[in-house]
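To keep things clear, I will list the structure first and then write my remarks on it.
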Amino acid sequence: MEIISNLLNGTLVFSTALIFAALGGLISERAGVINIGLEGFMISGAFFSAITTYYAETAGFGAFSPWLGLVGAFVFTAIFSSIHAIASIKFKANQVVSGVVINILAASSTFFLVKMIFDGSAETPLLTMVFHKVTVPYLSDIPLIGNVFFNTYPTTYIAIVLVIVLFFVLFKTSSGLRLRAVGEHPSAADTVGIKVNRTRYIAVILSGSIAALGGATIVLTSNSNFAFNTISGQGYIALAAVIFGKWHPVGAMLAALFFGLAQAVKDQLQIFDFAASIPNEFFYMLPYVLTLFVLIGAVGKARAPKALGEPYEVGKR
Amino acid sequence: MNKIMSVFKRESVVIPFVAIIMGLLLGAVIMWIGGYDPMLAYESLISKIFGSSYDLGEALRTIVPLIMSGLAVAIAFRSGMFNIGVDGQIIMGSLGALIVGTQLSLPPFLHALFAIIFGALLGGVWGALVGYIKAKRGINEVITCIMFNFIALYLSHYIIRIFMPQAGTQRSEMIHDSASIQIGWLSELMGGARIHWGFLIAILAVVFYHIYLNKTKWGYELRAVGLNPHAAKYAGMKVPNVMVRTMFISGMFGGLVGTFEVLGVFKYIAINSVTSGLGFDGIAVSLLGGNTAIGVLLSATLIGALTYGSQGMSFGAEVPGEIIRMVIGFIIFFVAAPGIVKLFFRPFQKKSKKKV
């Protein structure tokens, strides 16, 4: 029982960053703009959250600092993601190319800045003010569920709320309908008076900012600082989660949870005796092998938004 | 003569050229804002590349894997697929070369040849699997590629740790000398720079890529599928076969990157927790080179030279070398969005456009 509850608790913690990044990717792709740059936006979020929190600490904001870190990651990455937006919407650049450039720019410029700001050091100093697990009194005493849901980081709560909000906005409001229309059939959307490019700008910029929260989560909960390898491939896994989850917020969350579960299984299994006879590498491989099997066996074809990857040209049918 | 001049006026030549200049300028501005000396930085970059015959050789060594991984990404792109899994194919290639290089004893020339072939095949199979899963099950290649990268990484760690470990270190044992593809005499001539035969194979691969794509039936099918898979299917082409075949060749190119690195440069594999990233650099190379043979060759040369030269920047001008990665990013960005480049052209073009 305790093992299962630890397993599920770990799952939620591992998945949080992926949920954010996958939700970010989903918003942009639903509006018809491919976002290979999720990795870069996570790096940007990790960097800006570390920097903002660091300066907030020194300025004396105390326990409020990591919250400012989240805001910093969100706001600064919005500026950064407008590069991707302008390139792929205004200048009609190949969206895959633009995303790759985002990844290159994020990795190199953050590392450049860290070296510049901290006198040649390859990483930021350790942050003293980071998020700690919140234990909700009484509720956390509920068997199983209590430890899983009521003994976790605040960022996890934010991620789950965001899934619900996004689901509601996408499928129950008119702005969500507009966003989806722009990704499916932009010229039809234009005909009924939806501003295609403006909708796409909003989607892409939000996409980067939300993915940035994923990067910030890693810095502010598990890592406590930013280095060049803080984000190593999670953005690509989040990209897989978007496709795996069939461009649906709940699907993306489930996919992210699946990756988190496989990670947590890896950590928990290693405690057992029989695990000593299984090579470590097989545990590391587990999440990826499982995903492949699930994909090949059960999920089948996922249908992308129809206009994904196509710049909108007025008058084109 | 006019023909040559017209080549230089073509958009496909002018835009990358201007993009490179704009990228370097933008890099200079950032260095200047950061309080560094951009002139000194670029000077030390160039003197790092051309400083000695050793540096020139090592710069060349940096370029070779970029050509191969650029070709790997490019051929997939031309068939309409995004091979983000070159990193995994590189790992499988290096693993294949390592297995043959350490486990077999063969006469010198034969040993190296066998190691190269096995490495290329293993990379090819790893790529073809991605193509097969897409062709048969319709699963997006991006997601399969990402999974395959991680699986290759840990699989190679396992095989190295169990069968070919170097006691007490985080790396494999060394390959036998008979499997080495280093060019001993040239290497000695160039102050020990790790020059290897992979250079020649990379040039041959560029030629092969051009001929395969433009002069063969398979290449024609590949391009047709890339332009419009539905039309290609309607015309009687077997689209799934083309996908698997293309990903096999793409994977072979990737596998050769790893093969060269093991047989020609390092002679062992280090157990790292992350992939080399050469596959992702291949994306940059192929994009900058417009997915053509000559384009890939030129852009690999540029990116490789800049990357190698950037190592001299922190020493010569105390500028973090990462600025060059940013410059490379800017260049690809300008190539991808030619509208931005044209924006800068506009003031110069006004006169000639008046009459139109």
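List of remarks:
- Selection count, segment A:231-260, where residues are closer than 27 Å to B:Ser276 by Cα and away from chain B (no Cβ under 12 Å): 3
- Residue within segment B:114-127 that is under 23 Å from the mean Cα position of the chain (by Cα), modelled with pLDDT of 85 or more, within 14 Å of chain A (Cβ to nearest Cβ) and more than 22 Å from B:Thr62 (Cα to Cα) present: yes
- Residue pairs whose Cβ atoms lie under 7 Å apart, sitting 6 or more positions apart in sequence or on different chains, and linking a residue in segment A:12-33 that is on the phi < 0 side of the Ramachandran plot to a partner that is of a type in the set (Lys, Arg) and part of a helix (DSSP H, G or I), are A:Arg30/A:Arg180; A:Ala31/A:Arg200; A:Val33/A:Arg200.
- Of everything listed in (1) in a helix (DSSP H, G or I); (2) crowded, with 20+ Cβ neighbours inside 10 Å; (3) within 18 Å of the chain's Cα centre (by Cα); (4) within 14 Å of another protein chain (Cβ to nearest Cβ), the single unmet condition for A:Asn35 is (1).
- Residue, nearest to the other protein chains (Cβ to nearest Cβ), within segment B:266-283, restricted to residues that are within 14 Å of B:Gly85 (Cα to Cα) and in a helix (DSSP H, G or I): B:Ile283
- Residue match in segment B:128-138 (condition: under 28 Å from B:Trp197 (Cβ atoms) and either surrounded by fewer than 21 Cβ atoms within 10 Å (Cβ to Cβ) or of a type in the set (Val, Ile, Thr) (or both)): no
- Filter result for A:Ala159 (within 14 Å of another protein chain (Cβ to nearest Cβ) and at pLDDT 85 or above): no
- The residues listed here are B:Ser156, B:Ser178; of these, the one that is buried (at least 21 other Cβ atoms within 10 Å of the Cβ) and of a type outside the set (A, V, I, L, M, F, W, C) is B:Ser156.
- Any chance A:Ser44 is among the hydroxyl-bearing types (Ser, Thr, Tyr) and under 21 Å from B:Arg325 (Cα atoms): yes
- Counting only helices (runs of 4 or more DSSP H) that fall entirely inside segment A:72-177 and contain at least 2 residues that are exposed (fewer than 14 other Cβ atoms within 10 Å of the Cβ), the qualifying elements are A:154-172.
Let's see how each residue does on (1) over 23 Å from A:Thr156 (Cα atoms); (2) hydrophobic (A, V, I, L, M, F, W, C); (3) at pLDDT 85 or above:
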| residue | (1), (2), (3) |
| --- | --- |
| A:Ala252 | no, yes, yes |
| A:Ala255 | no, yes, yes |
| A:Gln263 | no, no, no |
| A:Ile271 | yes, yes, no |
| A:Ile278 | yes, yes, no |
| A:Phe283 | yes, yes, no |
| A:Leu286 | yes, yes, no |
| A:Leu290 | yes, yes, no |
| A:Leu295 | yes, yes, no |
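- Number of residues in segment A:69-98 that are of a type in the set (Gly, Ala, Ser) and at the interface with another protein chain (Cβ under 10 Å from one of its Cβ atoms) equals 4.
- Segment B:151-177, subset touching a Pro at 6+ places or on another chain (Cβ under 8 Å) and within 30 Å of A:Val294 (Cα to Cα), residue modelled with the highest pLDDT: B:Tyr158
The values are calculated or read from the model by the stated rules, or taken from the named source; none is laboratory data. Bear in mind the structure is a predicted one, so any value in this text is a computation, not a measurement. Heads up, the Cβs are rebuilt from the backbone with ideal geometry, glycines too, and the neighbour counts pull from every protein chain shown.
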